[in-house]
Every structure is written in C-alpha cells, then in structure tokens.
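The values are calculated or read from the model by the stated rules, or taken from the named source; none is laboratory data. This one's a predicted model, so the numbers in the text were calculated from it and none came from an experiment. Cβ sites come from the backbone with ideal geometry, for glycine too, and all protein chains shown count toward neighbours.
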Amino acid sequence: MKFSVLLSVYVKENPANLFSALESIWDNQSLKPNEIVLVQDGPLTDQLENVLVQFSKKCSVFKMIQLNENVGLGRALNIGLDECSYDIVARMDTDDVAFPNRFEEQIKFMKHNPEVDILGAWVDEFENKIDNIISHRRVPECHDDIRSFMKKRNPFNHPSVMYRKSKVLDAGSYLDFHLNEDYYLWARMAAKGAKFYNLPKSLLFFRTGSEMFKRRGGWRYAVQDFKLQKEFKKLGLINTMEFMSNTSMRCVARLIPNSIRGILYKKVLRN
C-alpha cells in the first residue's frame, strides 16, 4: 500500500526542528514513504533552504512545492494535497518527531480496515528535547466516541493522522480557517459520513511549550472559535445549547493569561 507524507514549512520554523522532523519520517522509519511532499509556504531563510537541499540529496522521493508568498497552513496543505500521488496520505508537522514505527503501524491498520477514512494516534508532548515528556494527548479510539468528542474538542492529533485523500477532497479539502483548518475538515468529513479511528498508542513526539500556549490565546483565536462553532451548528454537529456552552468556555480559555492557559492544557486537558 503506497502512501505520501504531506508537510508545510514557513519562514519561522527552526532549522534544527525541520531536520529532526524529516529525519524521523525517512532515515528512522521502519516503513519508508513512497513520496514526501513538502510545501514551502513563502520564502524561507537560507538555513531552512540548506536543510531542504541536503535532505533532497539523500531522499529520491522528496518533492518540494515552492509558493511565492505565505498563504497560511490551510491553503498550503490544500495545494500540497493536490500534488500527492497516492490516495493514502500521512500528515506531519515540521517541528515534531515521528516514532520509528509510526507508518508501519498505520499502514498495517489501513490495509486491514478499508472502511476507515481517517486514522490518528496519541501523541507524547515534549519541551525542548523528546526525552522531556510533559504530557500525553490521548484521544478517543472508536468512531462513535470520536464523533461525540468532536462536539467539544478536536478528536485527532493532526500531525499524527493518516487519511484517504479521496475522502478529504470529497469534503472540500483544507480551507483557510486560522488555527482550526484540521478541526473544520474533520467536521465536514463527519457530515459526509467518513469513518474515524484512533490507535490507542502514541506514535508521535509533539513539540509544545509556552509559545504554543501563547499562540492559542487572544481575541483572534476567540473570534475564530466563535466562527467555527457557527459552522458546526450549520453542519448539524452541535445544537443551540451546545453552541452557547462551547463558545462561552472557549472564549474564557482564549482570554485568560498565558501562564494559566498552560496549566489548563497540562493539568486539565491532558493525561
């Protein structure tokens, strides 16, 4: 079962993190991908360019898509997905590290469960080094539990997912929805009848820290949450009472101080 890996990188990425991510999905994998598609979302630094050049020399299946300007993650992934040659596509972020058996585990499952359209996994969240695990994000395993969980929180760890490209395109692919491109896509796929599953094991080291918590706060994020909940209501995913409850709780979470938000994520929303 052939598959592509889809990534997007932009100018603010750390070159060392990019190198580690690429190394984890190629050099260190027990099952190597048949294609790696990386979208350069606008001009990059010389250091980032050097990482990509060096990686392309050792990986013959590496395909780079260069965009003249930064268009944002949703549009960049949309462009990259169109360039993926295979129906099975694994997502990956350029600052995370995949477990060595990630693709082998996921391909084995997808091969034996053709009815599943999106397959995710748990992630181990770390700060600075992967041996400094600070929390685990465990998400529901089975389809019905995922659908229920989706009403309040994102039921997939985006950089851990593997999905069927045809089903993603059928739901409209990624849309430009600031910091919620993936969550909005899952909801639209649910409305289209897509089947979901999460492997009950960690397959990815997910980089976290104060900067991540900071990015998840502020009025812009609060407004986007409100808009997303409106879309969920239109899709029939939530009712009016759930809309009011979700928007209230999310607004508070976005506007509290960054230090308190960090504690909320680590102690309340994680295991």
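Quick notes on this structure:
- Scanning the stretch 94-104 for residues that are closer than 18 Å to Y197 by Cα and surrounded by 19 or more Cβ atoms within 10 Å (Cβ to Cβ) yields a total of 2.
- Boolean, S30 is within 18 Å of the chain's Cα centre (by Cα) and of a type in the set (S, T, N, Q): no
- Of all the criteria given as (1) of a type in the set (K, R); (2) within 16 Å of S160 (Cα to Cα); (3) in a strand (DSSP E or B), the one not satisfied by K32 is (3).
- Those residues of the stretch 163-202 which are acidic (D, E) and within 26 Å of S135 (Cα to Cα), in sequence order: E181, D182
- Of all residues in the stretch 72-93 being within 21 Å of N198 (Cβ to Cβ) and among the acidic types (D, E), the one that is nearest to the chain's Cα centre (by Cα): D93
- A16 vs. criteria among the small types (G, A, S), modelled with pLDDT of 95 or more and touching a strand residue (DSSP E or B) at 6+ places or on another chain (Cβ under 6 Å): no
- From the list H143, H136, H178, the lone residue that is crowded, with 17+ Cβ neighbours inside 10 Å and not hydrophobic (A, V, I, L, M, F, W, C) is H143.
- Among residues of the stretch 36-59 that are part of a helix (DSSP H, G or I), those with a beta-carbon under 6 Å from a residue that is surrounded by 15 or more Cβ atoms within 10 Å (Cβ to Cβ) and at pLDDT 95 or above at least six positions away or on a different chain give the pairs Q47/P15; L48/P15; V51/P15; V51/L18; V51/F19; F55/L22; S56/F62.
- Flag for A194 being assigned by TED's automatic domain parsing to the domain that holds Q106, touching a Leu at 6+ places or on another chain (Cβ under 8 Å), small (G, A, S) and modelled with pLDDT of 95 or more: no
- Candidates E35, E83, E23, filtered to the one that is touching a Phe, Trp or Tyr at 6+ places or on another chain (Cβ under 9 Å), more than 28 Å from D131 (Cβ to Cβ), of a type in the set (D, E) and surrounded by fewer than 20 Cβ atoms within 10 Å (Cβ to Cβ): E35
- Within the stretch 60-75, the set of residues being touching a Phe, Trp or Tyr at 6+ places or on another chain (Cβ under 7 Å) and either surrounded by fewer than 15 Cβ atoms within 10 Å (Cβ to Cβ) or part of a strand (DSSP E or B) (or both) comprises F62 only.
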